[in-house]
Amino acid sequence: MLRGPKTEFSGVLSIWRGSRSSIRWAAMASLLFSLSCSSIWDPFLVHRCPNGEVCDVDMVDSGSSDMPSSGASDMPPNGASDLAGKPPTLFGTATNFPVGSGPNSVVVGDFSGDMKLDLAIANANSDNISVLLGNGLGGFAAAVNFPVGSRPNSVVVGNFNGDLKLDLVTANTGSNNVSVLLGNGLGGFAAASNFPGGASPTSVEVGDFNGDQKTDLAIANFQSSNVSVLRGNGIGGFGTATNIFVLGVPFWVAVGDFNRDFKPDLAVSNTGSVSVLPGNGTGGFGTATNFSIGTGVPLSVVVGDFNGDLKPDLAVATRSNVGVLLGKGTGSFDTAINIPVGDENRWVAVGDFDGDLKPDLAVAIASATANYRNSIGVLLGNGAGGFGAASYFPVGLAPFSVAVGDFNGDLKPDLAVANGNSDNVSVLLNQSP
């Protein structure tokens, strides 16, 4: 998801969430203005337009064909679904592109300013980021690697110095810090600047938490049971971390406005629950409220509006299912709905994959179970908070992360998947009508 400080460009991104006709425009326009909008909800971003109305945006989010054969023969037919009228095949066969060692996280952005979507991948074992420039036809150039801290576990796009060029930040589990790489707008990045976080940071997100129109950072720290907030200075630097206690073992952090007060809040996945911390708009956050996700150990969490009530909801990937918590718009959530998809579900992303204007989910499944081994599970939403049975699409070995973007310019959301054990990224092009 793309976020950043408020400017007069906020009215430009006046498109409806997830509509097929908006996906490419959202990606291109947001990148052109280099995160110059104020995100209130994430990933269902809300902006005030010049006419004073509130408009919303679903910012779809950031070679060789060497598909591994392992598990491919065990996969059920692509597109199997129990939702009537859905297309039988959503995505084609994956094309794989080599990256660094141990890719954990992938994001989408236009890093070279050519109106074509590129990829950035955090590689945990080689301590770098691989940047692959897209050709606009679904292909990508050879990876160019940029060093970061030790064992980067996640990477996020932001605009940290206000130059309207996309930058990157990684959460480095092995060095207890974040690495900030300022982009030159041509696909390259300056040497990383490192800023301390907590113990074993596993996730980083961006937002303007104190309302000064400068992008800040929120970091989930796995071993110190807290979230670190670093205020940005608007020229690429960040202040000393302020740490906020979170019960349990925080793993992932997401940003949204869960009580609809136009101040960004935090949602943090931890042991058995999601902790929601209300923001005060000046950089501080209130005491966490914990919401059970039912069964499974929670990993990644994403924000979306799954039942069309204009209130942000949560989807959480756990080791045994996906938990969906429908928001009440007051900072509270209904009881989690657990949706079977696979085991070892590492990542969940939101997109409208079948073009029905209802948000769907894509889940990275790093499982050894035959039925869905090394695959992406896609769950089509019914627009009322429910989801159909998963369809499975083979990718590389141990997929840890999935991102959404339109890589071939056909106005349909495609998928990019970071495969942790095959050292590549799989690109699946959308084939829906």
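Put L361, L429, L326 in order of accessible area, highest first, and with a 1.4 Å probe you get L429, L326, L361. Our coupling estimate for the stretch 214-230, obtained by passing each phi through the Karplus curve with A = 6.51, B = -1.76, C = 1.60 and θ = phi - 60°, is 10, 6, 10, 10, 10, 10, 8, 10, 5, 9, 10, 6, 8, 10, 9, 10, 10 Hz, Gly and Pro reported as x. Solvent exposure of V144, expressed as accessible area, is near 80 Å², computed with a probe of 1.4 Å over the protein chains only. Close amide-amide hydrogen proximity is noted between D216 and G207, D208, F209, G232, each under 5 Å apart and 5 or more residues distant or on a separate chain (H modeled in the peptide plane; Pro and chain starts excluded). Between the stretch 273-303 and the stretch 176-227, how far is it from one alpha carbon centroid to the other, in angstrom? Result: 19 Å between the Cα centres. With θ taken as phi - 60° and the Karplus curve 6.51 cos²θ - 1.76 cosθ + 1.60 applied, the whole-hertz 3J(HN,Hα) list for the stretch 331-342 is x, 10, 9, 5, 4, 4, 9, 8, 10, x, 9, x Hz, x standing for glycine and proline.
Give me the net charge of G102's neighbourhood, meaning all other residues with Cβ under 10 Å from the Cβ of G102; Lys, Arg count +1, Asp, Glu -1. List each step's numbers first, then the result.
On the way: positive: R151; negative: D127, D423.
Local charge sum for G102: -1.
Phi angles of the stretch 197-212 translate, via the Karplus equation with coefficients 6.51, -1.76, 1.60 and θ = phi - 60°, into HN-Hα couplings of x, x, 8, 6, x, 10, 8, 9, 9, 10, x, 9, 7, 10, x, 9 Hz per residue; Gly and Pro are given as x.
Accessible area per residue (1.4 Å probe, heavy atoms of protein chains only) ranks E205, E344 as E344, E205, with the largest value leading.
Sorted by mean Cβ packing within 10 Å, highest first, what order do the peptides 274-287, 210-223, 248-261 take?
Working: 274-287: 18.2, 210-223: 22.4, 248-261: 23.9.
For the peptides 274-287, 210-223, 248-261, the packing ranking is 248-261, 210-223, 274-287.
The values are calculated or read from the model by the stated rules, or taken from the named source; none is laboratory data. Everything quoted here is computed from the prediction, not taken from an experiment. Positions of Cβ are generated from backbone atoms using ideal geometry, with glycine treated the same way; all protein chains shown enter the neighbour counts. What goes into the accessible areas is simple: the full protein's heavy atoms, side chains included, and nothing from ligands, DNA or RNA. Shrake-Rupley method; radii C 1.70, N 1.55, O 1.52, S 1.80 Å.
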